[in-house]
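Here's the structure, in structure tokens; my notes come after.
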Amino acid sequence: MPHQILTAHPKKISFIFGALSVLALPPYYCLPLLFITISGLFYLINKSDSPKQAFSRGYWFGFGFFGLGFSWIGNALLVEGGIVSWLYPLVPLVSGAFFGLFIGFPTLLTHIIKGFWGRFISFPAFWVLFEWIRSFIFTGFPWNLLGSTLSFSPLLIQTVALGGTYLLSLLVLYLSLSPQIYLHRRNKIHLIGSMFFFCLLSGFILTYGYIRLQSYQPSSLSDYQIRIVQPSISQNQKWNRQTLEQNFQQYIDMSRLPSASPLSLTVWGETASPFPLDLEPSRQQQITSAAPNGGYLAVGSISYRLNPDGSYNPLNTMFLFDSQGRIQAQYSKSHLVPFGEYIPFRRWLPSAVRPFTKVIADFATGHGPETFYLNNLPSFGVAICYEIIFPHQIIDKTEPPSVLLNLTNDGWYGKSSGPYQHFEATRLRAVEEGITIIRAANSGISGIFSPTGILSGEIGLHQQGISDTYLSHPLSIPTFYKIYGNKIPLFIILILAICGITASIYSTKEAKSF
């Protein structure tokens, strides 16, 4: 009966499996569903009559997974309203239609491999290969990597220090496929094999996580106390001309609240200042009182770059001020959001479409990750909002910082899954790089992640408040992923693909011998 149900309507079932898999992601974490959905997709691949059919089933799985998983993006269109709000229903359709390819191609390649064991070994490898491709093709969008399904527990995510979130995705996929070992033959030996395989992988994840968490037990916190300011200003009020002054003053007033002990740094969120601070000296003086005495103030702001033709392009910038209001460091976002901060191929768009694109500014790009060194602060880098989702791209590799400031604003997306998923991506980057990350949101979720992903000083989703937290000490040795980056997961993928092909050749020869 299950076989008949699955094979009678494979595209619809694949779509349902993909949509249900979203519930395993933050903030839901319904992990047992993956035993049904991922295993179900693998079963449908095995029962496909051709690579084309396997591709179709994987594509519809991806359509459901990414269409529903990225649907929160449409909330940003409702904030702007008017000319773009009508596009809201298109977001899940376009997301599913395009990103579904990143599941379709892995299932096609899996079907080319012959035999159960060849496919069992190679399917997770092909899936994660396309997760990696998704991180850079068309500027990249590595959101909702499957490894993020375990991000609710620091114990379960420590393996990303070895091979990044891509390695964790591999482990999640193999764990999800473990029932297939039993279902392949349905006898006692395969039942034991299925249970042993599951226990082996989960035991590795738990044991390594426990050892790493125990090995990083700083005897005390550092001397650096950080204040995060989250005013939780709604997005439709953030750029309202009538409330700009009030919003700006709210940041200042919250920053000036007394602290139990001296502060080293106060951090505001992305574009916290609606005024270009480098061009308005009066505003610099206005925020002087918000900077800690003898410390610094990090402020997200718009700045402008003069072009050779006399025009200006905005930049999404972080300014670091000292207590005298002088700019001591400056960083501009280099990885921009497509269709949010720029329009790809704008100049080649049809003239009928261009009026719709005028609501989106054409931001200029910064120069990439940089490490800053200032008195009375640990060395630090900066990643603004969207930049934090890119594994192994958030810090300067030649001079790695001790701390990363992540200024963000998730007010665009309301009370949806998006802000939670963005927040958990930050946790994964902290463990991958073995670095403390200070996350300050205008509206969203703020807090400080230790190098092992343990959260402190949290300010919840769209809550207003300040958080004063001491930084933990940095790791004594860098993580493997920090040193080798994606070479480790890609090497593992290559080995698994070779093993899958070898198993396929062996099973083909064995079948011919009979």
(message) For region 124-158, give me each residue that is touching a Gly at 6+ places or on another chain (Cβ under 7 Å) and within 15 Å of Tyr208 (Cβ to Cβ).
(response) Pro154, Leu155, Leu156, Ile157, Gln158
(message) So in region 305-327, with the set limited to residues that are open to solvent by 80 Å² or more (accessible area, probe 1.4 Å) and at pLDDT 90 or above, which one is nearest to Thr365 (Cα to Cα)?
(response) Arg326
(request) Being of a type in the set (Asp, Glu), at pLDDT 95 or above and over 20 Å from Ala441 (Cβ atoms) is the filter here, so list the residues in region 355-393 that pass it. (result) Glu370
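Does Phe55 qualify as being open to solvent by 40 Å² or more (accessible area, probe 1.4 Å), part of a helix (DSSP H, G or I) and either of a type in the set (D, E, K, R) or closer than 30 Å to Ser507 by Cα (or both)?
Numbers: open to solvent by 40 Å² or more (accessible area, probe 1.4 Å): yes; part of a helix (DSSP H, G or I): yes; either of a type in the set (D, E, K, R) or closer than 30 Å to Ser507 by Cα (or both): yes.
Yes: the conditions hold for Phe55.
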(message) The conditions are (1) within 16 Å of Ala441 (Cβ to Cβ); (2) over 28 Å from the mean Cα position of the chain (by Cα), and Gly269 fails exactly one of them. Which is it?
(response) (2)
(request) Considering only region 5-32, state which residues are open to solvent by less than 40 Å² (accessible area, probe 1.4 Å) and either among the acidic types (Asp, Glu) or not in a loop (DSSP other than H, G, I, E, B) (or both). (result) Leu6, Pro10, Ile13, Ser14, Phe17, Gly18, Ala19, Ser21, Val22, Ala24
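When you scan region 208-225, do you find a residue that is touching a helix residue (DSSP H, G or I) at 6+ places or on another chain (Cβ under 8 Å), open to solvent by 50 Å² or more (accessible area, probe 1.4 Å), modelled with pLDDT of 95 or more and not in a strand (DSSP E or B), even just one?
Restricting attention to region 208-225, the residues satisfying the condition of being touching a helix residue (DSSP H, G or I) at 6+ places or on another chain (Cβ under 8 Å) are 208-210, 212-213.
From what is left, the residues that are open to solvent by 50 Å² or more (accessible area, probe 1.4 Å) are 208, 210.
If we keep only those that are modelled with pLDDT of 95 or more as well, we get 208, 210.
Imposing the further condition that a residue be not in a strand (DSSP E or B) reduces the set to 208, 210.
Yes, there is a match, as at least one residue in region 208-225 is touching a helix residue (DSSP H, G or I) at 6+ places or on another chain (Cβ under 8 Å), open to solvent by 50 Å² or more (accessible area, probe 1.4 Å), modelled with pLDDT of 95 or more and not in a strand (DSSP E or B).
Run down Ile189, Ile157, Ile205 and say which single residue is surrounded by fewer than 22 Cβ atoms within 10 Å (Cβ to Cβ) and under 26 Å from Pro142 (Cα atoms).
Numbers: Ile189 fails: under 26 Å from Pro142 (Cα atoms); Ile157 fails: surrounded by fewer than 22 Cβ atoms within 10 Å (Cβ to Cβ).
The match here is Ile205.
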(request) Could you figure out which of (1) in a helix (DSSP H, G or I); (2) in contact with a helix residue (DSSP H, G or I) (Cβ under 9 Å, 6 or more places away or on another chain) isn't true of Glu387? (result) (2)
(request) Just one of (1) open to solvent by 30 Å² or more (accessible area, probe 1.4 Å); (2) of a type in the set (Gly, Ala, Ser); (3) at pLDDT 90 or above trips up Ala272, so point out which. (result) (1)
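Among the strands (runs of 3 or more DSSP E) contained in region 249-329, which hold 2 or more residues that are polar (S, T, N, Q)? Working first, answer last.
Details: elements: 265-267, 296-306, 312-322.
Filter on region 249-329 gives 296-306, 312-322.
Within the bounds of region 235-246, is there any residue that is aliphatic (A, V, I, L, M) and either over 25 Å from Ser334 (Cα atoms) or in contact with a Leu (Cβ under 9 Å, 6 or more places away or on another chain) (or both)?
Just the residues of region 235-246 that are aliphatic (A, V, I, L, M), to begin with: 244.
Narrowing the set further to residues that are either over 25 Å from Ser334 (Cα atoms) or in contact with a Leu (Cβ under 9 Å, 6 or more places away or on another chain) (or both) leaves 244.
Within region 235-246, one or more residues are aliphatic (A, V, I, L, M) and either over 25 Å from Ser334 (Cα atoms) or in contact with a Leu (Cβ under 9 Å, 6 or more places away or on another chain) (or both).
Is it the case that region 254-263 has a residue that's in contact with a helix residue (DSSP H, G or I) (Cβ under 8 Å, 6 or more places away or on another chain) and touching a residue at least 40 places away in the same chain (Cβ under 8 Å)?
Within region 254-263, the subset in contact with a helix residue (DSSP H, G or I) (Cβ under 8 Å, 6 or more places away or on another chain) is 255-256.
After this cut, where a residue has to be touching a residue at least 40 places away in the same chain (Cβ under 8 Å) as well, the list is 255.
Yes, the conditions are met somewhere in region 254-263.
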(message) Name the single residue that is farthest from Leu162 (Cα to Cα) among those in region 208-262 being β-branched (Val, Ile, Thr) and more than 25 Å from the chain's Cα centre (by Cα).
(response) Thr243
(request) Return the total of residues in region 458-479 being more than 19 Å from Val382 (Cα to Cα) and in contact with a strand residue (DSSP E or B) (Cβ under 8 Å, 6 or more places away or on another chain). (result) 8
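Right, Phe120: out of contact with any Asp or Glu (no Cβ under 6 Å at 6 or more places or on another chain) and open to solvent by 20 Å² or more (accessible area, probe 1.4 Å) or not? Let's see the steps before the verdict.
Numbers: out of contact with any Asp or Glu (no Cβ under 6 Å at 6 or more places or on another chain): yes; open to solvent by 20 Å² or more (accessible area, probe 1.4 Å): no.
Judged against the criteria, Phe120 is not a match.
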(request) For region 478-495, enumerate the residues that are touching a residue at least 40 places away in the same chain (Cβ under 8 Å) and either polar (S, T, N, Q) or more than 16 Å from Leu129 (Cβ to Cβ) (or both). (result) Pro478, Thr479, Phe480, Tyr481, Lys482, Asn486
(request) Keeping to region 123-148, report how many residues are under 13 Å from the mean Cα position of the chain (by Cα), closer than 22 Å to Phe480 by Cα and either of a type in the set (Asp, Glu) or open to solvent by less than 20 Å² (accessible area, probe 1.4 Å) (or both). (result) 7
(message) Residue pairs, Cβ under 9 Å, 6 or more apart or interchain, first in region 312-333 and farther than 17 Å from Pro369 by Cα, second open to solvent by less than 10 Å² (accessible area, probe 1.4 Å) and among the polar types (S, T, N, Q). List them.
(response) Pro314/Ser303
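The values are calculated or read from the model by the stated rules, or taken from the named source; none is laboratory data. Note that this is a predicted model, so its numbers are computed, not measured. No Cβ is skipped: glycine too gets one built from the backbone with ideal geometry, and neighbour counts run over all protein chains shown. SASA here: full protein model, heavy atoms, side chains in, ligands and nucleic acids out. Shrake-Rupley method; radii C 1.70, N 1.55, O 1.52, S 1.80 Å.
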